[in-house]
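The structure appears below as structure tokens.
The values are calculated or read from the model by the stated rules, or taken from the named source; none is laboratory data. Here the structure is a predicted model, which means the values were calculated and not measured. Positions of Cβ are generated from backbone atoms using ideal geometry, with glycine treated the same way; all protein chains shown enter the neighbour counts.
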């Protein structure tokens with residue numbers, strides 16, 4: 001196994017780079033800033049595969065014409081506690097952010113609200129959306145589907161997506177509780193990392209397409225897509241380690257694909273990954289869902305936060321195993337990182353690929369750094 005090399009970068013600078021890349025590509029200032037925030041959020045909480053590691057995906061669908069960077073999501077159905085949004089082939093970051101903000105505003109008076117979205121591309125890190133609610137003392141649950149990347153339990157044919165599932169709940173004196181998981185044991189980003197880093201998966205989650213034999217070695221089945229960096233196809237179907245995540249994956253597909261009017265279910269989205277290097281006339285996501293709950297409608301928000309803190313302390317004060325220094329709440333370490341603004345760890349191979357993308361927009365790290373320093377200094381002077 002080879003050693004994975006990392007570098008450390010200021011997350012505010014990374015967000016500025018993302019913003020400049022998307023604005024140079026033709027996005028509006030609002031769209032570019034939302035894209036930058038959502039991608040940088042993955043970096044900030046330590047999930048590099050949902051931060052810089054995911055940057056290449058929207059660039060690919062932009063170049064192939066499947067992402068309309070100038071489009072604006074529009075509300076097509078609206079009610080007191082619900083909304084349906086058509087992304088008009090926009091980015092998932094732009095569409096789901098709007099869907100989340102609408103649900104938050106509706107939940108202020110209704111107590112609970114749901115936003116369903118269709119016709120948008122991959123939205124990346126879903127904690128970036130649920131945290132918008134928990135930062136405003138609300139609870140949120142969100143998911144979306146995408147192209148098929150994992151087999152049903154007992155099968156060896158990719159039918160389902162390893163869907164994102166995020167849940168956030170506000171804390172009081174303690175950190176908020178923030179869950180951000182995939183509904184599969186592994187997915188395309190993990191497979192790509194294992195291949196490029198010359199490592200193996202953490203479990204035998206690939207099935208030999210000929211024999212069905214399970215393996216953790218991706219090298220035989222990984223098919224890099226030329227000129228598209230780390231994106232690739234995998235000829236071996238992915239399997240679940242247990243029926244638990246399979247059950248969760250199917251239910252998230254119902255909420256994000258089946259439930260969304262005009263949305264598509266995962267098996268109907270063009271596949272494999274290399275299909276998205278060509279024009280498809282549709283988006284890489286069939287649908288998304290976010291539910292926002294406002295605890296203040298149901299009772300005293302101070303009581304809610306007090307009980308949340310009490311639950312947190314019960315967990316954190318539990319007797320530790322011999323080799324454990326601290327017990328963390330779900331998402332606590334990521335939360336600490338994003339509120340303190342500490343430098344984030346970036347895989348060097350991601351950084352090298354990112355610089356190549358910037359170069360394709362005639363942007364250089366040196367020029368961006370100078371521009372960013374000037375902006376920071378101007379802001380400090382005005383302050």
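Brief remarks on what is shown
- Considering the range 1-105, the qualifying strands (runs of 3 or more DSSP E), each wholly inside and each with 3 or more residues that are touching a residue at least 60 places away in the same chain (Cβ under 8 Å), more than 27 Å from residue 371 (Cβ to Cβ) and assigned by TED's automatic domain parsing to the domain that holds residue 330, run over 82-90.
- Qualifying position, being within 27 Å of residue 104 (Cβ to Cβ) and in a loop (DSSP other than H, G, I, E, B), among 178, 174, 220: 174
- Qualifying residue in the range 227-235 (condition: surrounded by fewer than 16 Cβ atoms within 10 Å (Cβ to Cβ) and over 25 Å from residue 267 (Cα atoms)): yes
- Qualifying residue in the range 126-139 (condition: outside the structural domain of residue 334 (by TED's automatic domain parsing) and on the phi > 0 side of the Ramachandran plot): no
- The residue that is surrounded by the most Cβ atoms within 10 Å (Cβ to Cβ), among those in the range 356-370 that are in contact (Cβ under 8 Å) with a residue 24 or more places away in the chain and closer than 19 Å to residue 15 by Cβ, is 358.
- The combined condition, being in the same structural domain as residue 111 (by TED's automatic domain parsing), at pLDDT 95 or above, surrounded by 13 or more Cβ atoms within 10 Å (Cβ to Cβ) and over 28 Å from residue 134 (Cα atoms), is not fulfilled by residue 277.
- One residue alone among 264, 230 is outside the structural domain of residue 122 (by TED's automatic domain parsing), closer than 22 Å to residue 123 by Cβ and not in a helix (DSSP H, G or I), and that residue is 230.
- Scanning the range 204-222 for residues that are loosely packed, with under 14 Cβ neighbours inside 10 Å and free of Cβ contacts under 8 Å to residues at least 40 places away in the same chain turns up 210, 211, 213, 219, 220.
For (1) modelled with pLDDT of 95 or more; (2) under 13 Å from the mean Cα position of the chain (by Cα); (3) surrounded by fewer than 20 Cβ atoms within 10 Å (Cβ to Cβ); (4) not assigned by TED's automatic domain parsing to the domain that holds residue 294, each residue gets a yes or a no:
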| residue | (1), (2), (3), (4) |
| --- | --- |
| 159 | yes, no, yes, no |
| 163 | no, yes, no, no |
| 169 | yes, no, no, no |
| 173 | yes, no, yes, no |
| 178 | yes, no, no, no |
| 191 | no, no, no, yes |
| 194 | no, no, no, yes |
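- Scoring residue 241 on the criteria (1) out of contact with any strand residue (DSSP E or B) (no Cβ under 7 Å at 6 or more places or on another chain); (2) assigned to a loop (DSSP other than H, G, I, E, B); (3) within 30 Å of residue 65 (Cβ to Cβ) leaves a single failure, condition (3).
- If you filter the range 110-148 down to residues that are in contact (Cβ under 8 Å) with a residue 60 or more places away in the chain and assigned to a helix (DSSP H, G or I), you find that the one that is surrounded by the fewest Cβ atoms within 10 Å (Cβ to Cβ) is 110.
- Qualifying residue in the range 225-240 (condition: over 23 Å from the mean Cα position of the chain (by Cα) and closer than 18 Å to residue 147 by Cα): yes
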